[in-house]
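See structure below.
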Amino acid sequence: MSGATKKGAGAEGRGTPGGAGGAVRGAGATTVAAAAATLRQPTLETLGLGGALGIFRRGALPVDRDALVERVFGPKADRGSLVISGASGIVGAGKTMQLGSRLEPFGVRVVALDFPGAPDGIGRQWPGLAQAFGREGAARIMGNVVRLTYDGRRLPEELKALKPRFLLEAIPEVLEVKRAHYKLFRETFPGIEIRSVTSGFPSKELGVGIAHPAFPHEINKVWEVVEAGPSAATQLLWALGLIPIPVSDDWSFVLDVLFCGVTLAGLRVHRATNLPFWKADKLIRRLLGPNPFRAHDAIGAKGADFLTWSCLHHLSARYGELFTPTPELIERKDTGQPWYPPDHFRPLVDWSLTPAEHEGFRVRVMGPVFQMTSLMLHERRAHLSHLNAIGELCAQFRRGVLAVMRELGPKAVRETVEAYHRLHPAAAASAWHPDALERMDTPEWQQLYVNAEHDGEVGVVTLSRESWSWDVDREMNRALDWLLAGGIRRVIVSGDFHLSTQMVGADTADFFGALEKLEAGLAITNGWSRTARRLWSDFEVSVGFVGGKRCMGGMLETLMHCHFLVAVDDARLGWPEVTLPVVPGMEGCHWPFRRAPRDAWPRLLHLLLSGVPVHATEAVGWLVDSAAPMSDALKAAWGLATGAHGPPKRGLESGALLAVPADVAGLAPADGPGIEAGRAAIARCVAQSCAVPVADALALQARLAAEFLNSKACRDGRVGAEYARTTAV
Ligand SMILES: NC(=O)c1ccc[n+]([C@@H]2O[C@H](COP(=O)([O-])OP(=O)(O)OC[C@H]3O[C@@H](n4cnc5c(N)ncnc54)[C@H](O)[C@@H]3O)[C@@H](O)[C@H]2O)c1
């Protein structure tokens, strides 16, 4: 892999520097030393927050939450409020909860504004809030929300006393209505900052910045952001644990091109072949992950159909037939009729498609999706990692659209679009940019999920995906190769402080093939384990860093191969595999035993057999080397990586381990045959792989884990059920 970019040296994907239209900016706030090199642009840099290397070097996160709250809402003594208009609606109510819960500790009041007769969307949020924060916490958060109504023409008098500093507009998707609303606010509060949650109107049409949130609104952390440069408000979203993603100022941004685009593909399949919506949904889920028709019903068919129609309607006006809504959508946005019949979720009759029909279906769905993606690439709508991640994080894609296209290669992608054009010739007339596929071998395409930076001495590898997959595995190897080729022998492996807020384990969708074929499982358990071992053997010093709230399963197996493991003190670590059940196949069954004192072995075995995680602070000395609050943990990781300070390295027993316990006290009774089978298989794998030298253990544990993936117990468990539901249709 070549093509490393020096910081500031024009990585692909950068938008118009400083222009409102550019999604990806080489923001000036990079604080990394001039000598630093990066495999591709860190996504954090698009928020004006530098890269991950800078975070470790400084031993501190790039911005301070209190300072940002002050910049956006004013000083403590004169703190202003956040107004959410349309707060009783789907988006408004969800965001009132998400932002209200995060801002309440800072004394920022949330004003929920709507019409008098609007249905009580906020009241409906109470059970969820109480479940997340307890009744007392939920009452405190709700108590901080001031609910006001008005007639839409004159703002309520009481609003002045609440000192509005920021308006998040979440009213209906009608351009003129939104514009009139901003005018009203600006007349009364001239200095107020405004962002719209619009699904599709560009900022240049609205005259305000965009903060477009993804569904479900009280939970999903992603916000597509359009603004002239990274603002304090956007950085505050990040500092509050949310995931702002800059996108360019083009109709429907990225998420709604993908989501509405895949819905339209399903609608067109229905028109062309008479396939019912539920069947199209099933097949799209198998192909790509989403079930768009069910998603519309889940969001609320009437509103969601209108929004999808609105996005497609405006996109087709700008880009032509590729986006034209079908008559079925036009009818449903008027009637609000759901896509699934009520109480009839499981059709009584089902049938299989022939291979030729499957291929026709694939072309009708993937053709337009690829073409729309070529348009977004052409327009540089987002950093490629962002463009890819939005599908996964917000539109149920199993793999991001760029990862799918990269695997196929430019030729096959082009052929799919051309085959689609033969079925739907009008789509070929505009918005097709095959040139945009030509750069697939550049780092921006090749490193969608894993980046690396270094300063000539220490490298930092960052993971932008919460679960390990074949894509991540290959990208990790390329990142490590790149560091080694640059002479880097000291490395920190971490989440990316942006897209991945935790590390959940292996992506079980990649196990589906292993349920059917032993070889597919062996490829995973051998291949992924070998990647993890590189962290032990290829570097002078390696440090795993857990900066989020959990590190589980395959992710923990990977990071435990580092010479040191550093975690923030509230992180939890564990191996929940037994609950699926699967057998940890990236050396979890022997490697941690070889690195822990003998008296910690029962605790390791308990982690594996119970699936119950441990707090990082309780695992120091046998699984974790240092656990501390964020800033101290960053400093600890840097101290270890540079060799400046830190605890001694725990060794690795390379011979056979004697007297590893076979069972452990305090285990709750297995609550089903699956867990029982999982426990037995894990205990067997621990016993056998600990009993041989480390040189032989990799292949042995790989075989045992793969055999279990290929067993009835696994097929009867959660992985098998997920496979049957999504793929074996
Ligand atoms: N529904 C989604 O999944 C989704 C996702 C992302 C973005 N959006 C965007 O969010 C916005 C709102 O969509 P929604 O689905 O929440 O709609 P909604 O109909 O559920 O809610 C809109 C709310 O705004 C209120 N309202 C109307 N005019 C108002 C005014 N002048 N002042 C104050 N309140 C007013 C309504 O009474 C209603 O409660 C749209 O711009 C939409 O594109 C929606």
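So which pairs qualify, if the first residue must be in the range 296-317 and not assigned by TED's automatic domain parsing to the domain that holds S199 and at pLDDT below 95, the second must be outside any helix (DSSP H, G or I) and near the ligand (Cβ under 7 Å from one of its atoms), the Cβ gap must be under 8 Å, and the two must be at least 6 apart or on different chains?
Correct list of pairs: I299/F215.
Would you check if there is a residue in the range 415-434 being assigned to a loop (DSSP other than H, G, I, E, B) and among the small types (G, A, S)?
For the range 415-434, residues assigned to a loop (DSSP other than H, G, I, E, B) and among the small types (G, A, S): present.
Is it fair to say I141 is open to solvent by less than 10 Å² (accessible area, probe 1.4 Å), of a type in the set (A, V, I, L, M) and not in a strand (DSSP E or B)?
Yes; evaluated as a whole, the condition is true for this residue.
Kindly evaluate V72 against the criterion of being out of contact with any His (no Cβ under 8 Å at 6 or more places or on another chain), among the β-branched types (V, I, T), open to solvent by 10 Å² or more (accessible area, probe 1.4 Å) and assigned to a loop (DSSP other than H, G, I, E, B).
no
Which residues, taken from the range 127-136, are of a type outside the set (D, E) and either without any contact (Cβ under 8 Å) to a residue 24 or more places away in the chain or within 13 Å of the ligand (Cβ to nearest atom) (or both)?
Passing the criteria: P127, A130, Q131, G134, R135.
Just for the range 148-197: of the residues that are among the small types (G, A, S) and out of contact with any strand residue (DSSP E or B) (no Cβ under 9 Å at 6 or more places or on another chain), which one is nearest to the ligand (Cβ to nearest atom)?
Of everything passing the filter in the range 148-197, G152 is nearest to the ligand (Cβ to nearest atom).
Could you check the range 714-729 and list, in sequence order, the residues that are among the aliphatic types (A, V, I, L, M) and surrounded by 20 or more Cβ atoms within 10 Å (Cβ to Cβ)?
V719, the sole residue that qualifies.
Would the range 107-117 turn up any residue that is buried (at least 16 other Cβ atoms within 10 Å of the Cβ), touching a residue at least 24 places away in the same chain (Cβ under 8 Å) and within 9 Å of the ligand (Cβ to nearest atom)?
The answer is yes, given that some residue of the range 107-117 is buried (at least 16 other Cβ atoms within 10 Å of the Cβ), touching a residue at least 24 places away in the same chain (Cβ under 8 Å) and within 9 Å of the ligand (Cβ to nearest atom).
When you look at A485, is it open to solvent by 40 Å² or more (accessible area, probe 1.4 Å), at pLDDT 95 or above and closer than 30 Å to P584 by Cβ, yes or no?
no
Scan the range 244-282 residue by residue and report those that are open to solvent by less than 10 Å² (accessible area, probe 1.4 Å) and of a type in the set (A, V, I, L, M).
I245, V247, V254, V257, L258, V262, L264, A265, L267, V269, A280
Out of the residues in the range 307-338 that are hydrophobic (A, V, I, L, M, F, W, C) and in contact with a Gly (Cβ under 9 Å, 6 or more places away or on another chain), state the one that is farthest from H296 (Cα to Cα). It would help to see each step written out before you state the result.
In the first step, residues of the range 307-338 are kept if they are hydrophobic (A, V, I, L, M, F, W, C); the result is 307, 309, 311-312, 315, 317, 322-323, 329-330.
Now restrict to residues that are in contact with a Gly (Cβ under 9 Å, 6 or more places away or on another chain): 307, 311-312, 315, 322-323.
On the way: L307: 10, C311: 14, L312: 15, L315: 19, L322: 21, F323: 18 Å.
Going through the qualifying residues, I end up with L322.
Of the residues F293, F370, F306, only one is closer than 30 Å to L44 by Cβ and among the hydrophobic types (A, V, I, L, M, F, W, C); which?
Working: F293 fails: closer than 30 Å to L44 by Cβ; F306 fails: closer than 30 Å to L44 by Cβ.
So the residue among F293, F370, F306 that is closer than 30 Å to L44 by Cβ and among the hydrophobic types (A, V, I, L, M, F, W, C) is F370.
So which residues in the range 198-230 are open to solvent by less than 10 Å² (accessible area, probe 1.4 Å), assigned to a loop (DSSP other than H, G, I, E, B) and more than 10 Å from the ligand (Cβ to nearest atom), if there are any at all?
Matches in the range 198-230: P202, V208.
The values are calculated or read from the model by the stated rules, or taken from the named source; none is laboratory data. Everything numeric here is computed off the predicted structure, so don't read it as measured data. Positions of Cβ are generated from backbone atoms using ideal geometry, with glycine treated the same way; all protein chains shown enter the neighbour counts. For the accessible areas, the whole protein counts, side chains as well, though only heavy atoms, and no ligand, DNA or RNA atoms are used. Shrake-Rupley method; radii C 1.70, N 1.55, O 1.52, S 1.80 Å.
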